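A short write-up of the structure that comes next.
Quick note: the coordinates plus some simple rules give every number you see, no bench work behind them. Everything numeric in this text was worked out from a predicted model, so none of it was measured. Please note: Cβ atoms are built from the backbone with ideal geometry, for glycine as well, and neighbour counts cover all protein chains shown.
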Amino acid sequence: LGSMSVVVVYLLSVRLTLNESISFFVGIVLALSASFWFQAITAEVYMLNTFLFLLLLLLALRLEKDFSKRDWLFFSCVYGISLSNHWPLLFLSSPGFAVLFWNRRMEILRLTPVSLVALLLGLIPYLHLYFSKDYTEFFFYGKLDSLSLVWEHIIRKEQWQMDVIQTASLKQSLKLFVDFLLFPTTELPFVSMAFVYGGVYGAFQKLEKRIFS
């Protein structure tokens, strides 16, 4: 899944930069970054989540330029699968997809009924939570033998206490902002930082602001 994600990042970069050499470098930078490498060798939901999100982004950019019914239904199904895998990232990024699709809203509205069918097909993995008999010790609750327990697991009720934190102070907020700016220095050798920040600046100058954002 990590390797597939790198390939999709390469394809995304080719679409945005039209330069295969730069795109190859972008893929290598991602593959060798510390956090990505750690998640790629960890048995968790996040690498599948990363791959599905990047695939959705690639499909979204393709649909923005050349809308087709087939690609839109594929997007809808993958969107449902991603919701089944780990929905928080998808909820946070969905406004960005809405911006990308704004100019295609009329085509999308006309396909609403069949789009919902494709979305529901992507949500089928959730049925496994209810019908499986093998996960008695895997979930916090034991076996999810009622629809209410399935729903509570979907909305992450067992993790609410871990998800809720106190409001950060101004000092903590500033530290978080600084850590965000310096984050690339913890991921790759310091010498590559010029490429990282230079790439952000170049993307801001070259890309449509709507896509850059």
TODO: Please report, in debye to the nearest 20, how large the charge dipole of the chain is about its Cα centre when each Lys and Arg carries +1 at its beta carbon and each Asp and Glu carries -1 there.
DONE: 680
- [ ] Obtain the nm distance between the two label points defined at Val117 and Ser146 by a simple spin-label model: each point lies 7 Å from its Cα along the Cα-to-C-beta direction.
- [x] 3.5
Open item on the list: Given R₀ = 35 Å, what would the calculated FRET efficiency be for Leu188 paired with Arg104, taking r from the Cβ atoms and rounding to 0.05?
Closed with: 0.45
TODO: Would you look at the GNM of the chain, springs on alpha carbons closer than 10 Å, and say which of Phe53, Phe91, Phe180 moves the most?
DONE: Phe180
